[in-house]
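Read the structure below first, then the notes.
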């Protein structure tokens, strides 16, 4: 789950990482009030779960409350890479002497947390990695040893930070960021830029924070950050139903049992010349309730012209899945063409059950590719 900037900064603040004072606003009037409370110049910042907001006009400096209200008026409703701005973070403006970049993420290849630090902050880290890779210091943390103070020293010395006061403050923030990362079950905790003010204060001017969805049950406070209004309506509905669903832009609905098979089904539809409308994982079972919930989600997408139901029976029995499909179709009274491929445990019995009782819009195919081709054909 991605967090908004202001939410990430709340976590930073809890772990002692210095941030500027700010207020949340959803209207120009609230932005004016926030600027009045903060006093002095403020920065009006669009809160969207994407990058590039500065270049898109989503970050503006305001000199006074009236200016903040006008800037908020300009930003609210702005479309930034497909994300419409609905809320703003009004923050005390900071003078900047230096900009650094600091992050900790999880390196899946190394199976270890990875720190990245550079003195070239305030720009996309991909640009630094591509144009000046030697300027980016990378350092893994052995999870068996945990964080050690030498890690921060190696980062700041390796990047060429030579001011002792800055070294000390940055090292302190590095340790706190790692603790925040681990204790929040994060996948990414990024500060860009990590600034140094003219009077020598080091603080986080921005935040990018991603939490592992699978760990949210351990963090009820972070789970409350989820903004359902910003989510795709179908994905939000699927979450309510307990269905693993990701909206795509095609017209062939996909339903598989297991994430690996479902991803393979997306691929085979493309191979067959079609465009997948979604990724949907039924999980390990094939109960009528599970099928009904999944089909309710998929068929809410008006783009779906056919549905490819791809089942491989391991522990799951294909005959039970077949009965679940028939019961679900009877309850939902669907007219959308549905193509079913069954393989594995009791697959022959499952195909027989479907052949004997299937409605006219249900088609059974012997192989995954045959079923994909049929689903693509029916969607045209």
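The values are calculated or read from the model by the stated rules, or taken from the named source; none is laboratory data. Since we're looking at a predicted model, the values are computed, not measured. Neighbour counts run over all protein chains shown; Cβ positions are idealised from the backbone, glycine included.
Filtered by the rule that a residue be in contact with a strand residue (DSSP E or B) (Cβ under 6 Å, 6 or more places away or on another chain) and either assigned to a loop (DSSP other than H, G, I, E, B) or more than 16 Å from residue 172 (Cα to Cα) (or both), segment 6-23 gives 6, 8, 9, 17, 18, 20, 21, 22, 23. Scanning segment 269-297 for residues that are crowded, with 23+ Cβ neighbours inside 10 Å and closer than 27 Å to residue 346 by Cα turns up 269, 280, 282, 286, 291, 294, 295.
Counting residues in segment 102-122 that are out of contact with any helix residue (DSSP H, G or I) (no Cβ under 7 Å at 6 or more places or on another chain), assigned to a helix (DSSP H, G or I), outside the structural domain of residue 55 (by TED's automatic domain parsing) and surrounded by 16 or more Cβ atoms within 10 Å (Cβ to Cβ) gives zero.
Taking the conditions exactly as written (within 11 Å of residue 254 (Cβ to Cβ) and not in a loop (DSSP other than H, G, I, E, B)), does residue 308 satisfy them or not?
Considered against the rule, which asks whether it is within 11 Å of residue 254 (Cβ to Cβ) and not in a loop (DSSP other than H, G, I, E, B), residue 308 comes out as yes.
Name the single residue that is surrounded by the most Cβ atoms within 10 Å (Cβ to Cβ) among those in segment 183-205 being outside any strand (DSSP E or B) and within 18 Å of the chain's Cα centre (by Cα). Of everything passing the filter in segment 183-205, 184 is surrounded by the most Cβ atoms within 10 Å (Cβ to Cβ). Scan segment 40-76 for residues that are over 21 Å from residue 207 (Cα atoms) and either modelled with pLDDT of 95 or more or crowded, with 19+ Cβ neighbours inside 10 Å (or both) and the total you get is 11. In segment 158-179 there is at least one residue matching the filter, namely being under 18 Å from residue 94 (Cβ atoms), assigned by TED's automatic domain parsing to the domain that holds residue 119, assigned to a helix (DSSP H, G or I) and touching a helix residue (DSSP H, G or I) at 6+ places or on another chain (Cβ under 7 Å). Residue count for segment 48-73 satisfying the condition of being under 27 Å from the mean Cα position of the chain (by Cα) and either on the phi < 0 side of the Ramachandran plot or not in a loop (DSSP other than H, G, I, E, B) (or both): 12. For segment 129-148, what are the residues that are outside any loop (DSSP other than H, G, I, E, B), at pLDDT 95 or above and in contact with a helix residue (DSSP H, G or I) (Cβ under 7 Å, 6 or more places away or on another chain)? 137, 139 - these are the residues of segment 129-148 that are outside any loop (DSSP other than H, G, I, E, B), at pLDDT 95 or above and in contact with a helix residue (DSSP H, G or I) (Cβ under 7 Å, 6 or more places away or on another chain).
Considering only segment 356-363, I want to know if a residue exists there that is in a loop (DSSP other than H, G, I, E, B) and either under 29 Å from residue 239 (Cα atoms) or modelled with pLDDT of 95 or more (or both). For segment 356-363, residues in a loop (DSSP other than H, G, I, E, B) and either under 29 Å from residue 239 (Cα atoms) or modelled with pLDDT of 95 or more (or both): present.
Is it the case that segment 68-75 has a residue that's without any contact (Cβ under 8 Å) to a residue 40 or more places away in the chain and over 23 Å from residue 31 (Cα atoms)? Within segment 68-75, none of the residues are without any contact (Cβ under 8 Å) to a residue 40 or more places away in the chain and over 23 Å from residue 31 (Cα atoms). In a strand (DSSP E or B), under 22 Å from residue 263 (Cα atoms), in the same structural domain as residue 263 (by TED's automatic domain parsing) and in contact with a strand residue (DSSP E or B) (Cβ under 8 Å, 6 or more places away or on another chain) - does that describe any residue in segment 317-338? Yes: segment 317-338 contains one or more residues that are in a strand (DSSP E or B), under 22 Å from residue 263 (Cα atoms), in the same structural domain as residue 263 (by TED's automatic domain parsing) and in contact with a strand residue (DSSP E or B) (Cβ under 8 Å, 6 or more places away or on another chain).
Checking every residue in segment 364-373 against the condition of being touching a residue at least 24 places away in the same chain (Cβ under 8 Å), buried (at least 23 other Cβ atoms within 10 Å of the Cβ) and within 35 Å of the chain's Cα centre (by Cα) gives at least one match.
I'd like to check which strands (runs of 3 or more DSSP E) are fully inside segment 209-289 and have at least 1 residues that are farther than 27 Å from residue 106 by Cα, at pLDDT 95 or above and more than 22 Å from the chain's Cα centre (by Cα).
Of the strands (runs of 3 or more DSSP E) lying wholly inside segment 209-289, those with at least 1 residues that are farther than 27 Å from residue 106 by Cα, at pLDDT 95 or above and more than 22 Å from the chain's Cα centre (by Cα) span 252-256.
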